[in-house]
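Everything below concerns the one structure shown next.
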Amino acid sequence: MQKRILTITLNPGLERVIALDKFVPGKVNRAILAFQTAGGKGVNTSKALKILGVPVLASGLYGGITGILTTMEMLSREIDVDFVRTQTPTRYVYTIIETGKRRQTALTEPGMPVSRDELMDFKKKYEELLSESSLVVLSGTAPDGISKNIYAKLINLAHRAGAGVVLDTGGDYLRFALPAKPDAIKPNLQELESALGCRIKGIPGLKKAVTGLMQSGIKHVGVSLGKKGAVFGLDSRVWMAGMPDLKPVNVIGSGDCMTAGMAAALIGCNPAERGRVDAEGIIRLSMACAGANVLTPEPGSIRMEDVRKIYRKVAIKKI
C-alpha cells in the first residue's frame, strides 16, 4: 500500500479571487469574475497533489467560520483533511487579477495568534499522522505565537518517524530549519537570499549557493526564479530549467504547485511520464506543475492536460 503525502499549513487562508480588466486605486472597480476557494501554500500544494493522483492528507491549524469554509472546500475536492481547531479564525487572502495587464496582486491578512495549548494539540496530531506518511510537505509561514524554529522541530519529528520532508518557506523559518536537514527545499530566490542573509549574484552565485546546500546534507534543492525558470540541485549536480512560452492568467500559487510536482516525484509518482523519477523527471514534473498553474485563475487548480503538454517542453541543462 502506497503511503500518502502529509501537507502541513500552519497559516491557511480563505481566498477570495477577483478578476477585472484593470484595477484603478481610489475608484470603484467592477469585477468580471469572483470566487472563493481554500488558500495557503500547503493547501495549494494539496490541491495539485490530488490532481496528480497522489494520496494526500492536509493538516495544520484552522479556526472560525473561515476555517470551516476552508476545510469544507477542500473536502469538496475529495482531499482528506485533519486540522486542529483554534479559537482565533483563519485569515482571509485576496487575489486581484488584472486581465488586461496580465498582472496579479495578493493581499494577505496576518495569521491570528495561537495559544500554547493549541500548538501542543497540533504537535500531538502531527506525530499521530506521521505514522502513515512517507513524505511531509511543510509550507509557508506560521501565525503569531509560534516560534520561527517550528519547522526545525517538525523536521526532526518527521525524520524520527522515518518520513522524508520537503520544506517550502523562506526567511527565518528557512534559516532556522536548514540545520535540521530537510530532504528537499523549494524557496524562491528572494526567500533563499533572506534565509542565507546575503545577495546571490546571478546564476553562478546561485549555483554556488545550491551546491553548498547539497554539501550540507540537503539532498534536493529547487529555487524558483519566476519567468526565468528555476535552478535545481539534484544528485550532487546543478541544473537550469526553463519554461516554455505561456500566457499567464494568474501566477500566484505556481511555487506551491512546483513543490507538489517535486514531492510527487520524490515518492515515485510521475503521471506525466510514468516511471520517470530520476533528476530530469523530477525537474520536468516540478516545472510542468508550476507552468500549469499560471494557466488557470485559481491557485493550485492545475489541469493534467496542461501538465503533460508543458512537461515535454521544459528546457533543462546542467550548469
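The values are calculated or read from the model by the stated rules, or taken from the named source; none is laboratory data. Source: prediction; values computed, not measured. A quick note on method: Cβ atoms are made from the backbone with ideal geometry, for glycine too, and the neighbour counts reach across all protein chains shown.
In the set Lys207, Lys186, Lys219, Lys148, only one residue is closer than 21 Å to Gly13 by Cα and touching a strand residue (DSSP E or B) at 6+ places or on another chain (Cβ under 7 Å); that residue is Lys186. For the criterion of being surrounded by fewer than 17 Cβ atoms within 10 Å (Cβ to Cβ) and among the polar types (S, T, N, Q), Ser236 passes.
For the range 135-170, residues that are in contact with a helix residue (DSSP H, G or I) (Cβ under 9 Å, 6 or more places away or on another chain) and either among the polar types (S, T, N, Q) or not in a strand (DSSP E or B) (or both) total 25. Is it the case that the range 78-100 has a residue that's of a type in the set (Gly, Ala, Ser) and without any contact (Cβ under 8 Å) to a residue 24 or more places away in the chain? There is no residue in the range 78-100 that is of a type in the set (Gly, Ala, Ser) and without any contact (Cβ under 8 Å) to a residue 24 or more places away in the chain. Lys317 meets all of the listed conditions (1) among the charged types (D, E, K, R); (2) in a helix (DSSP H, G or I); (3) in contact with a strand residue (DSSP E or B) (Cβ under 7 Å, 6 or more places away or on another chain) but one, namely (2). Kindly list, by first and then second residue, each pair from a residue in the range 136-150 that is in contact (Cβ under 8 Å) with a residue 24 or more places away in the chain and crowded, with 21+ Cβ neighbours inside 10 Å to a residue that is outside any loop (DSSP other than H, G, I, E, B) and basic (Lys, Arg), limited to pairs with Cβ atoms under 8 Å and residues at least 6 apart or on different chains. Qualifying pairs under 8 Å: Ser139/Lys41; Gly140/Lys41. Within the range 2-50, restricting attention to residues that are over 12 Å from the mean Cα position of the chain (by Cα) and basic (Lys, Arg), the residue that is farthest from Gly164 (Cα to Cα) is Lys27. Regarding Gly111, is this residue touching a residue at least 12 places away in the same chain (Cβ under 8 Å), within 18 Å of Asp168 (Cβ to Cβ) and assigned to a helix (DSSP H, G or I)? Criteria not met by Gly111. For the range 3-19, the count of residues that are assigned to a loop (DSSP other than H, G, I, E, B) and at pLDDT below 95 is nonzero. Checking each residue in the range 273-287 for being in a loop (DSSP other than H, G, I, E, B) and at negative phi picks out Glu273, Arg274, Arg276, Val277, Asp278. Has the range 35-43 got at least one residue that is crowded, with 20+ Cβ neighbours inside 10 Å and without any contact (Cβ under 8 Å) to a residue 40 or more places away in the chain? Yes, that holds for at least one residue.
Per-residue answers, yes or no, for (1) without any contact (Cβ under 8 Å) to a residue 40 or more places away in the chain; (2) part of a strand (DSSP E or B):
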| site | (1), (2) |
| --- | --- |
| Gly222 | no, yes |
| Val231 | no, yes |
| Gly255 | no, no |
| Thr259 | no, no |
| Met262 | no, no |
| Gly268 | yes, no |
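For the range 160-181, a residue qualifies if it is in contact with a strand residue (DSSP E or B) (Cβ under 9 Å, 6 or more places away or on another chain) and farther than 17 Å from Met258 by Cα, and the qualifying residues are Ala161, Gly162, Ala163, Gly164, Tyr173, Leu174, Ala177, Leu178, Ala180, Lys181.
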